[in-house]
Amino acid sequence: MNFLRFLMLLSLAVWLGALIFFPFVAATAFSALPSTHMAGLVVRGSLLKLHTIGFICGAIFLICSLIYNRARLRRFKVFAMSHVLIVLMLALTAISQFRIIPQMEALRLAAGEINQLATSDPIRAQFESLHVWSTRVEGAVLVLGIILLYFTSRRLATVRP
């Protein structure tokens, strides 16, 4: 049981830590690299790795939490608040990974450097709109993760070893 609790907290801590660290990586890339195109490539690669971390950590958390509930309560409690939150986090991560990023990449390939386009260009406007949605999705995942951490810490604090 202790090991399951440890894995749940570790997976959540790793995912939240990566989500919190990512904006610093993005800001550093855009301030340190010679072109916004190169910085965009670094940020895109980092975001894809962040999503991989999220998928792995989310799966570990969900599996361990289900097993933990089964061992402790004699049932899985599939629709427990923590399970709903982690599934929402995974779903939002999947939307970003498989819908938003590919659309942004297609626009980047079609236009070359997005910053070279006029601000009134429809491709640039669509790219910037997708970027706003990407930021919102990642922010929502972070907020849900913090809420999940709260519920998880409450749930595990009431357990006797």
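What ranking do 4-17, 32-45 get when scored by the average of other Cβ atoms within 10 Å per residue, highest first?
Peptide ranking by packing, descending: 4-17, 32-45.
Let me spell out the model: positive unit charges on the Cβ of Lys and Arg, negative unit charges on the Cβ of Asp and Glu, origin at the Cα centre of the range 100-157. What dipole size does that give, in debye rounded to 20?
The dipole of the range 100-157 has a size of about 420 debye.
Quickly rank 109-115, 141-147 as a protection proxy: mean count of other C-beta atoms within 10 Å, highest first.
The most tightly packed comes first, giving 141-147, 109-115.
First measure r as the distance between the Cβ atoms of Arg75 and Phe30, then evaluate 1/(1 + (r/R0)^6) with R0 = 41 Å and state the FRET efficiency to the nearest 0.05.
0.25
Quick one: helix 36-73 against the long Cα principal axis of the chain, what's the angle to the nearest 10°, folded into 0 to 90?
The answer is roughly 10 degrees.
Quote the convex hull volume per residue of the chain, based on C-alpha atoms, as a whole number of Å³.
It is 103 Å³ per residue.
For Ile63 and His131 in the same chain, what is the full-extension length gain: residue separation times 0.36 nm, less their Cα-Cα distance, in nm?
Full-extension gain reported as 21.3 nm.
Treat every Asp and Glu Cβ in the range 2-157 as -1 and every Lys and Arg Cβ as +1, leave all other atoms uncharged, and give the resulting dipole magnitude about the Cα centre to the nearest 20 debye.
I would put it at about 1080 debye.
No lab work stands behind these numbers, since they all come straight from the coordinates. Source: prediction; values computed, not measured. Virtual Cβ from ideal backbone geometry, glycine too; neighbours counted across all protein chains shown.
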